[in-house]
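Student: Dropping a structure here in structure tokens format, bear with me for questions.
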Amino acid sequence: MPRYVRSDRPDFTYFFTVRAAQRGTDLFLREIATLRAAVRKTKDRHPFEITEIVVLGDVIHTLWRLPQGDADFSTRWRMLKSLFSRSVDAPEDVPGQRLRPGEKGLWQRRFWEHAIRDADDLAAHRHMIWTAPVQAGWVGRPEQWPHSSIHRAIARGRFVPGGRVGPGYLPA
């Protein structure tokens, strides 16, 4: 059985990719209000800051900044997934033998995390988050996607619609 080693470095910004169990589903878009409620409850109980996020049908890419001295993002993801799962019906086409007790088959069991190393790494991951809906073929320009933190960046003057976003982006 593989042993997954997670980063445990406090005072870092982390990039995460979290996926639905079924590829190609629109689960996260259909249940966006439920997802937002699960995020709010998780943040209330275990504070963290979402610096960037994009929600697609079957994937979430996000950058989180954890509180000083705290690197326990696994507890936060476990709670968020659990709260969301309790509020959403299980899909009908998930074979029962694949599920562990208490699972509904909504989420991939693991997630991918990466500790941001420097300003260039942050800019590259921010760019990936902002352009994910374009890469997925959902929209032609990043600012056309409604479920993205890019709108916050536009309001703060950190992204110009129709403009070029690249690794040279420096956070404000």
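The values are calculated or read from the model by the stated rules, or taken from the named source; none is laboratory data. Everything numeric in this text was worked out from a predicted model, so none of it was measured. Don't worry about glycine lacking a Cβ; one is built from the backbone with ideal geometry, like all the others, and counts go over all protein chains shown. Side chains are part of the model used for accessible areas, which takes the heavy atoms of the whole protein and leaves out ligands, DNA and RNA. Shrake-Rupley method; radii C 1.70, N 1.55, O 1.52, S 1.80 Å.
Yes or no, residue by residue, for (1) modelled with pLDDT under 90; (2) open to solvent by less than 20 Å² (accessible area, probe 1.4 Å); (3) in a strand (DSSP E or B):
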residue	(1), (2), (3)
3	yes, no, no
7	yes, no, no
14	no, yes, yes
19	no, no, yes
36	no, no, no
39	no, no, no
47	no, no, no
60	no, yes, yes
64	no, yes, yes
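Student: When you scan region 21-32, how many residues do you find that are within 15 Å of the chain's Cα centre (by Cα) and in a helix (DSSP H, G or I)?
Tutor: The number of residues fulfilling the criteria is 4.
Student: Next question, about the same structure. Name every residue in region 114-136 that is among the β-branched types (Val, Ile, Thr) and more than 15 Å from the chain's Cα centre (by Cα), in order of residue number.
Tutor: The answer is 134, and nothing else.
Student: Could you check, for region 102-110, whether at least one of its residues is surrounded by 16 or more Cβ atoms within 10 Å (Cβ to Cβ), in contact with a Pro (Cβ under 7 Å, 6 or more places away or on another chain), of a type outside the set (Phe, Trp, Tyr) and modelled with pLDDT of 85 or more?
Tutor: There is no residue in region 102-110 that is surrounded by 16 or more Cβ atoms within 10 Å (Cβ to Cβ), in contact with a Pro (Cβ under 7 Å, 6 or more places away or on another chain), of a type outside the set (Phe, Trp, Tyr) and modelled with pLDDT of 85 or more.
Student: Before we move on, is residue 117 of a type in the set (Lys, Arg), closer than 15 Å to residue 15 by Cα, loosely packed, with under 15 Cβ neighbours inside 10 Å and at pLDDT 90 or above?
Tutor: Spelling it out, residue 117 is indeed of a type in the set (Lys, Arg), closer than 15 Å to residue 15 by Cα, loosely packed, with under 15 Cβ neighbours inside 10 Å and at pLDDT 90 or above.
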